[in-house]
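The values are calculated or read from the model by the stated rules, or taken from the named source; none is laboratory data. Bear in mind the structure is a predicted one, so any value in this text is a computation, not a measurement. Here the Cβ positions follow ideal geometry from the backbone for every residue, glycine too, while neighbour counts run over all protein chains shown.
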Amino acid sequence: MAELCDLTAADLASKLRAGETSSTEVTESCLARVEAVDERVRAFLARTTELARERAAAADARIAAGDAPSTAGIPIALKDVLSTKDITTTCGSKILESYVPPFDCTPWARLAAAGSVLLGKTNCDEFAMGSSNENSAFGPVHNPWGLDTVPGGSSGGSAAAVAAGEAVWALGTDTGGSVRQPASLCGVVGLKPTYGLISRYGLIAFASSLDTVGTFTRSVRDAAILLSAIAGSDPMDATSLDRTVDDYAEGLDEGVSGLRVGVVKEAFGEGVQPGVRSSIQSALNRLSDMGASIEEASLPHADYALSAYYLIAPSEASSNLARYDGVRYGLRVPGRDSIEMMARTRGAGFGPEVKRRIMLGTYALSAGYYEAYYGQAQKVRTLIIRDYEKAFESFDVLVSPTSPTTAFRIGERADDPLAMYLSDVFTIPANLAGVPAVSIPSGLDEAGLPVGLQVTAPVLGEALVLRVAHALERELAFDAVPPLVAGLAA
Ligand code: GLN
């Protein structure tokens, strides 16, 4: 029988309201699961166990008083790039190993005000740069579906925690796929909303024009609930959209009959694992059975998205990461003068991938090369935005695999940055265009590892991606459990 920590937030919220369980019980269930598996999974960098117990007790009081929003009392984990007041926030980097933010990021501030229970901060690739979690300065995360495989990245800890029942849901960030790709590799639901829908205040910046906060959940309904709780305009983030928030759970059951679904043909070429291809194909057949029309769609410039991203994101990173100079934040390695101090601090504090990105970005922005690299990449970005606009004239949503492969072995791509970068080839275009996309599990491959299916909609089409994902989720009835979790019951 499933434990409390394995239930969805929606189910837990109704049990809490009916008095069938308490936030304290749910929280203890998660904490026990963390105890049981996290030595093997390594999803958490910091656990806030005592705080979680206090917050759970407070939530129980609120629920008893009848004053509880739907997220109250539900335990959550936060990726360690999201600032939490008085709780160490490392970005998976030595340079911030002892950094304690003086304020909360907006998404957590909103959840905290609504009575959420924080379990801890999750492991991630250093400054969210990576697709396997192997770039964390604090060691890799292990995928609950196969402990010798990666959970994906960069939000690998959040994805693995939700997959393993260590948290009911979690937040991550998605700059080029870091919510959707790990969700896909860990068999959970990952939502990247429209750029600007969730405030970036307190999200430690990687590439500001691409960064978004996203959700990891075990159901599409939970994604809708969590999104509704954290989205909406924020005066602390100049790029946050000025918009009141919908209740994203409302239209979930409207079905897909009559919807025009475009299948992105560029996402079925070389390099897509056969098990991924067949899983997506059978999901598409189900969509068609449910009354959606399925036709081939094209994003003709998608082939250039990866190259454009690996100029734009590193360029923004080289600028954003200039602030870690040993003066104001985190690590300081002394030197004879300030220049030497900065060089030593950055030399010792940043890992190899972060250094690679800073060098790429600094080069792309340098005088003489700016137009050829950064300027050109921005033009490609515009072409990709137009590709989506054109595709959405004929289609309501687009479908593709989330990632070309299922989880790969730890170490397999570690020495090959290009192979690693290719993990995000289908997720990056949505970041460049700012459009919403969700990944849901569509089945298992021949090795028993989860496959993810991505649904993309036009800007602010969250309700639509969630509605399609919800319909498919019901139809596919994916209920496989990671071997690690199944083994606990035995
Ligand atoms: N894997 C991509 C990268 O390394 C995307 C990362 C992200 O979305 N944060 O940049």
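For this structure, a couple of remarks:
- Beta carbons closer than 6 Å, at least 6 apart along the sequence or on distinct chains, pair a first residue in region 112-134 that is among the hydroxyl-bearing types (Ser, Thr, Tyr) with a second that is at pLDDT below 95 and surrounded by fewer than 24 Cβ atoms within 10 Å (Cβ to Cβ) for Ser131/Met420.
- Residues in region 203-223 that are away from the ligand (no atom under 16 Å from the Cβ) and within 16 Å of Ser116 (Cβ to Cβ) were compared, and the one that is farthest from the chain's Cα centre (by Cα) is Asp222.
- Taking region 310-361 as the range and being in contact with a Lys or Arg (Cβ under 6 Å, 6 or more places away or on another chain) and not in a helix (DSSP H, G or I) as the test, the residues that pass are Gly326, Val333, Gly335.
Per-residue answers, yes or no, for (1) closer than 25 Å to Arg386 by Cβ; (2) within 16 Å of the ligand (Cβ to nearest atom); (3) within 22 Å of the chain's Cα centre (by Cα):
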residue	(1), (2), (3)
Ser278	no, no, no
Ser288	no, no, no
Glu296	yes, no, no
Ile312	yes, yes, yes
Glu316	yes, yes, yes
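- Checking each residue in region 253-303 for being part of a strand (DSSP E or B) and surrounded by fewer than 18 Cβ atoms within 10 Å (Cβ to Cβ) picks out Arg260, Ser293, Ile294, Glu295, Glu296.
- Asp237 vs. criteria in contact (Cβ under 8 Å) with a residue 60 or more places away in the chain and within 23 Å of Thr71 (Cβ to Cβ): yes
- Residue within region 266-274 that is modelled with pLDDT under 95, away from the ligand (no atom under 16 Å from the Cβ), over 30 Å from Ser83 (Cα atoms) and charged (D, E, K, R) present: yes
- Criterion: under 26 Å from Leu360 (Cβ atoms) and away from the ligand (no atom under 14 Å from the Cβ) - qualifying residue of Gly152, Gly139, Gly157, Gly130: Gly139
- Within region 109-126, one or more residues are part of a loop (DSSP other than H, G, I, E, B), touching a strand residue (DSSP E or B) at 6+ places or on another chain (Cβ under 9 Å) and under 18 Å from Gly73 (Cα atoms).
- Selection from region 237-248 of residues that are surrounded by 16 or more Cβ atoms within 10 Å (Cβ to Cβ) and modelled with pLDDT of 95 or more: Asp237, Ser240, Leu241, Tyr248
- Residues considered: Pro429, Pro401. Of these, the only one that is modelled with pLDDT of 95 or more, out of contact with any Pro (no Cβ under 8 Å at 6 or more places or on another chain) and under 18 Å from Thr175 (Cβ atoms) is Pro429.
- Out of Gly330, Gly349, sole residue that is surrounded by 14 or more Cβ atoms within 10 Å (Cβ to Cβ) and modelled with pLDDT under 95: Gly330
- Checked against the criterion of being buried (at least 21 other Cβ atoms within 10 Å of the Cβ) and among the charged types (D, E, K, R), region 462-469 contains one or more residues that satisfy it.
- Residue within region 85-101 that is assigned to a helix (DSSP H, G or I) and surrounded by 24 or more Cβ atoms within 10 Å (Cβ to Cβ) present: yes
- Subset tally (residues that are hydrophobic (A, V, I, L, M, F, W, C) and outside any helix (DSSP H, G or I)) for region 367-381: 1
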